[in-house]
Amino acid sequence: MSEPLLRVQDLAAWYGETQSLQRIDLEVHAGEVVCLLGRNGAGKTTTLRAIMGLLARHRGQVHIGGRSALGLVPEKVARLGVAYCPEERGIFASLSVEENLLLPPVLAPGGLSVDEIYDLFPNLKARRASGGSKLSGGEQQMLAIARILRTGAKLLLLDEPTEGLAPVIVEAIGRTITQLQARGFTILMVEQNFRFASRLADRFYVIDEGCVVESGDRHALANDTARIESLLGV
Ligand code: ATP
């Protein structure tokens, strides 16, 4: 198999004196959708934050496109073609949809144009002049994903894109992720919704107490449900 787009080896990370990641090993190949599963507090968000360069204290290795990335500031990681969509979404309430969309800088060639983004998210086009505070949770999530597509990132780190959303919106986010994969984006996604993850993921990793404790492809996810659910505590 070719060199992975993202390779994380023996990654450990701390918040102050508290060690939150013990040992994370994972790979994401170009074009894949890979899900990180795990109980609350397992270390999924921290894994994405460490990859993005948002944690000060860490050990191990992160390679993005073959280049060593651990220890780089977030802007340098972004310039390697990575974008992060955090759980809290971070939509600016006082800015319009379009102003939010135009906010992140373009850091690498090959990003989508605003028109291409509106083709993917017609509801955002219809609401382009609306204020961020007027958007529903689903629209905010769509906008949070949409605005990282301009940056030129090829690897998207999505933290719980379905959290708190109604089933019909979860379906729409699922279709969006499938469309993004079809357009060549690579996605590493934290997801609590096991059924959602099992429909979309090419592969998955289960994280528990800061360690990867299980991994597999979509067949394992479908066939080993009881075991994986027991690891997730559901
Ligand atoms: P969740 O679904 O609840 O977000 P998670 O798997 O994403 O779970 P993390 O948010 O990565 O878990 O948290 C891993 C551990 O790090 C937890 O014990 C958490 O309490 C701790 N932690 C997370 N953020 C901080 C922080 N800013 N400062 C100190 N400890 C933190």
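Laboratory data are not the source of any read-out in this text; all were calculated from the coordinates shown. Being a predicted model, the structure only gives us computed values, none of them experimental. Neighbour counts are summed over all protein chains in view; Cβ atoms, including those assigned to glycine, are modelled from backbone coordinates with ideal geometry.
Here are the numbers for the structure shown:
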{"read-out": "Relative contact order, percent, the chain [alpha-carbon distance under 8 Å, six or more residues apart]", "value": "27 percent"}
{"read-out": "Pairwise label distance in nanometres, V168 with R67, each label 7 Å out on the Cα-Cβ vector", "value": "4.4 nm"}
{"read-out": "Residue-span extension gain [A30 to E209] - 0.36 nm each, minus C-alpha spacing", "value": "61.7 nm"}
{"read-out": "Dipole magnitude (debye, nearest 20) for the range 97-185, charges at Cβ of Lys, Arg, Asp, Glu", "value": "180 debye"}
{"read-out": "Percent RCO, i.e. relative contact order, over the range 165-234, from Cα pairs under 8 Å lying at least 6 residues apart", "value": "21 percent"}
{"read-out": "Estimated FRET transfer efficiency when R0 is 22 angstrom, pair N40-A220 (beta carbons, to 0.05)", "value": "0.45"}
{"read-out": "Net charge over other residues, Cβ less than 9 angstrom from the Cβ of D202 (K, R count +1; D, E count -1)", "value": "0"}
{"read-out": "Value at 222 nm in deg cm²/dmol, rounded to 500, when DSSP H runs of n ≥ 4 in the chain each add -39,500 (n - 2.57)", "value": "-9000 deg cm²/dmol"}
{"read-out": "For F92, distant residues with modelled amide H under 5 Å away", "value": "none"}
{"read-out": "Relative contact order of the range 27-95, defined on C-alpha pairs under 8 angstrom at six or more residues apart (%)", "value": "23 percent"}
{"read-out": "Extension gain (nm, one decimal) between A56 and Q19, 0.36 nm per residue minus Cα-Cα", "value": "12.1 nm"}
{"read-out": "Global form of the range 2-129, assessed from the alpha-carbon gyration tensor, a/c cut-off 1.5", "value": "prolate"}
{"read-out": "Net charge of Cβ neighbours under 10 Å - reference R127; Lys, Arg +1; Asp, Glu -1", "value": "+1"}
{"read-out": "Fewest-first sequence of H58, H29, H219 by Cβ atoms within 10 Å of each Cβ", "value": "H219, H29, H58"}
{"read-out": "The range 209-217 - phi-based ³J(HN,Hα) in whole Hz, Karplus 6.51/-1.76/1.60, Gly and Pro as x", "value": "6, x, 10, 6, 10, 6, 8, x, 9"}
{"read-out": "Dimensionless Rg over Rh [the range 126-168; C-alpha; Kirkwood]", "value": "0.99"}
{"read-out": "Residues E191, E32, sorted so that the one with the fewest Cβ neighbours within 10 Å comes first", "value": "E32, E191"}
